[in-house]
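Contents: one structure, followed by commentary.
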Amino acid sequence: MESADSLRNKCAACFKQFNRMEHLVDHMRTSFHSVHEPTCGVCKKHCRSFESLREHLIGPLPKQECKSLFNIRGCKFCLAILDSPYALRVHQDRCHLSGVNYGILAHMANLGLRDSLTIDNGYSRGSQVVALACKTVGGGSDRSLDLCARVCIIDENENIIFHSYVKPPIPVTNYRYETTGIRPEHLRDAMPLRQVQRRIQDFLCNGEPMWKIRSPKGGKARILVGHGLDHDLDQMQVEYPPIMIRDTAKYPPLMKTSKLSNSLKYLTQAYLGYDIQNGIQDPYEDCVATMRLYLRMRRQVHRRQDCPLASDPQNRNNFASWRQGELERMSPEEMLAISRSDYYCWCLDSA
């Protein structure tokens, strides 16, 4: 049975126990626990990522009490615990998404250019969100240099806004047909990279100068969703501020560890319930998967905090060393209440 001292030195979020209260304070200073972390619906333990929560519920060494209840009333996609088995069945009908139905839109995309990029001068209401994906071919003597050869952009309703094959600025030495489906004739009369770069840059900024794009709530610029966007934007030579980017490869709740990303193929199978990237890969399919993942994360409901982001100097965890004595007199629950997330939770996009 746990002693009163051990309970006093037990983190109220992740349940780690410490020999001394000062060690718990040090832990809270660096852990950035917050209401935005994935949390077990049974024992209320905070986890750094959904992968950690999955391990806690159904991993090789799960907490047995939580595993037992999860097996009866838990959703294997969003990891929520429902009120009853019936509620679970109703929930899973919505949570399990089917694969992309390409239909007419995708068929038109495969035929060539589709360009609906427009600047609305800020007349639309709310944050506009688009997803982007590109496919690359090989260049250089060793054929390993990535060259953007196809790009797709969709809106929140999975409608294609822009699709184009892209003519690289240097010769292609490997079309990577087995995965890209791209042939020489697709690129022969394709839109030049510089023109694609300019069209996409203007569309994302939505008529606003780059220096004016400050925050997700400010200005007219669009929120950009994707997976591994650093690579995609680099290939297209597009510059876009990180504060407007929602990257499923870098979002802490969706990462494997704090430094290791999950593949888009795995995220789609684990959190949406269907398979992608089998055989020839289509950028439209990747756009749909990343948009669905973003919307699933954005629709999470978390308790509001006055200062939601600890990595912002104005909102940093107030665990300063000069407060050490005061902090050691706090209960674990009181320390958790003043702790802040060190990442921007996507639920705040809909706040």
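The values are calculated or read from the model by the stated rules, or taken from the named source; none is laboratory data. These figures come from a predicted structure and were not determined experimentally. Cβ sites come from the backbone with ideal geometry, for glycine too, and all protein chains shown count toward neighbours. We work out accessible area using only protein heavy atoms, side chains counted, and drop any ligands, DNA or RNA first. Shrake-Rupley method; radii C 1.70, N 1.55, O 1.52, S 1.80 Å.
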task: Please report the Cα spread of the stretch 168-317 along all three principal axes, rounded to whole Å, starting with the longest.
output: 55, 39, 24
Magnitude of the charge dipole, the stretch 1-87, Cβ model with Lys/Arg +1 and Asp/Glu -1, debye to 20: 80
- prompt: Using a 1.4 Å probe, how large is the accessible area of Leu224, given in Å² and rounded to the nearest 10?
  reply: 0
Of Ile276, Ser331, Leu224, farthest towards positive along the dipole that unit charges on Lys, Arg, Asp, Glu beta carbons give the stretch 208-351: Ser331
Residue-level accessible surface for Glu239, protein heavy atoms, 1.4 Å, Å²: 120
message: Students often check this: by mean Cβ neighbours within 10 Å, which of 135-143, 226-234, 300-308 ranks highest, and how do the rest follow?
response: 226-234, 135-143, 300-308
- prompt: What's the FRET efficiency of Tyr274 with Asn157 using the Cβ-Cβ distance as r and R₀ = 22 Å, to the nearest 0.05?
  reply: 0.75
message: Taking the Kirkwood radius as the inverse of the mean 1/r across Cα pairs, report the Rg/Rh of the stretch 227-289.
response: 0.97
task: Excluding residues on the same chain fewer than 8 positions from Lys259, give the lysines whose Cα lies under 17 Å from its Cα.
output: Lys250
- request: Enumerate the aspartates and glutamates that Lys76 could reach by cross-link, defined here as Cα to Cα under 16 Å, with residues fewer than 8 away along the same chain left out.
  value: Glu51, Glu55, Asp93, Asp275
statement: Listed residues Ser339, Ser321, Ser331; largest mean-square fluctuation, Gaussian network over the chain with Cα springs below 10 Å, found at Ser321
- request: Using a 1.4 angstrom probe, figure out how much accessible area the chain has per residue, in square angstrom, rounded to the nearest whole.
  value: 51
query: Of the heavy-atom accessible surface of the chain (probe 1.4 angstrom), what whole percent is carbon and sulfur?
result: 51
- prompt: Taking the stretch 214-266, which trypsin sites (Lys or Arg not before Pro) meet the DSSP loop condition and have no more than 16 other C-beta atoms within 10 Å?
  reply: Arg214, Lys217, Lys250, Lys256, Lys259
List Asp349, Asp26, Asp146, Asp189, ordered by accessible area with a 1.4 Å probe, largest first: Asp189, Asp26, Asp146, Asp349
query: Rounded to two decimals, what ratio of Rg to Rh does the stretch 245-351 give with C-alpha atoms and a Kirkwood Rh?
result: 1.11
Largest-first principal axis extents, alpha carbons of the chain, Å: 74, 46, 45
- request: Collect residues whose amide H, placed 1.01 Å from N in the peptide plane, falls under 5 Å from the amide H of Ala80; neighbours closer than 5 in sequence don't count.
  value: Cys75
message: Between the stretch 2-78 and the stretch 238-298, how far is it from one alpha carbon centroid to the other, in angstrom?
response: 25
- line: Per residue, the convex hull enclosing the Cα atoms of the stretch 23-104 spans a volume in Å³ of 142
- prompt: Which loop trypsin sites (Lys or Arg not before Pro) in the stretch 9-45, with loop taken from DSSP, have no more than 11 other Cβ atoms within 10 angstrom of their Cβ?
  reply: Arg20, Lys44
message: What's the magnitude of the charge dipole for the chain around its Cα centre, counting Lys and Arg as +1 and Asp and Glu as -1 at the beta-carbon? Answer in Debye, nearest 20.
response: 360
